[in-house]
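A.B. asks: Quick one: structure below, then a few questions.
The values are calculated or read from the model by the stated rules, or taken from the named source; none is laboratory data. Treat the numbers as computed from the prediction; the structure is a model and nothing was measured. A quick note on method: Cβ atoms are made from the backbone with ideal geometry, for glycine too, and the neighbour counts reach across all protein chains shown. For accessibility, only protein heavy atoms count, side chains too; no ligands or nucleic acids. Shrake-Rupley method; radii C 1.70, N 1.55, O 1.52, S 1.80 Å.
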Amino acid sequence: DAARDAARAAARDAARDAARDAAWAAAWDAARAAAWDAAWDAARAAAWDAAYDAVADKMPHPNPFKPLWQCWKMGAWPIGFVGQDFVLYVQESK
């Protein structure tokens, strides 16, 4: 019957369009989030490097925080000591 065939074709087209739109939205959101994270990480690393370079040659003694720079660059944040252990906060990846 022509009406049934038309309804099936319309339903198939609607399902395909919905799937395509959902896939596109998910891909776009993932790409935008990845770009934002990469830009933020690069900006943070550049800021830390600039801050260190600005003060490194003006300090009368070695910088006690220098060993922590690499931790900060990797996104880990020092919290403190618990007994003999140094504790770092590491954000769970998305």
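A.B. asks: Roughly how many percent of the accessible protein surface of the chain is carbon and sulfur, given a 1.4 Å probe and a whole-percent answer? The partial results should precede the final answer.
C.D. replies: Details: 4980 of 7700 Å².
Here it works out to 65 percent.
A.B. asks: Using r as the Cβ-Cβ distance of Ala47 and Trp24, and R0 as 35 Å, what FRET efficiency do you calculate, to the nearest 0.05?
C.D. replies: It comes to 0.55.
A.B. asks: To continue, here is another question. Compute the long axis of helix 2-56 from its Cα atoms, compare it with the longest principal axis of the Cα atoms of the chain, and write down the angle in degrees, 0 to 90, nearest 10.
C.D. replies: Helix 2-56 and the main axis of the chain meet at about 10 degrees.
A.B. asks: Right, another one. Helix-only estimate, please: 222 nm mean residue ellipticity of the chain, summing -39500 (n - 2.57) across DSSP H runs of length 4 or more and dividing by its residues, to the nearest 500. Don't skip to the answer; put the middle values down first.
C.D. replies: Values: 2 runs with 60 residues, N = 94.
Helix contribution divided over all residues of the chain: -23000 deg cm²/dmol.
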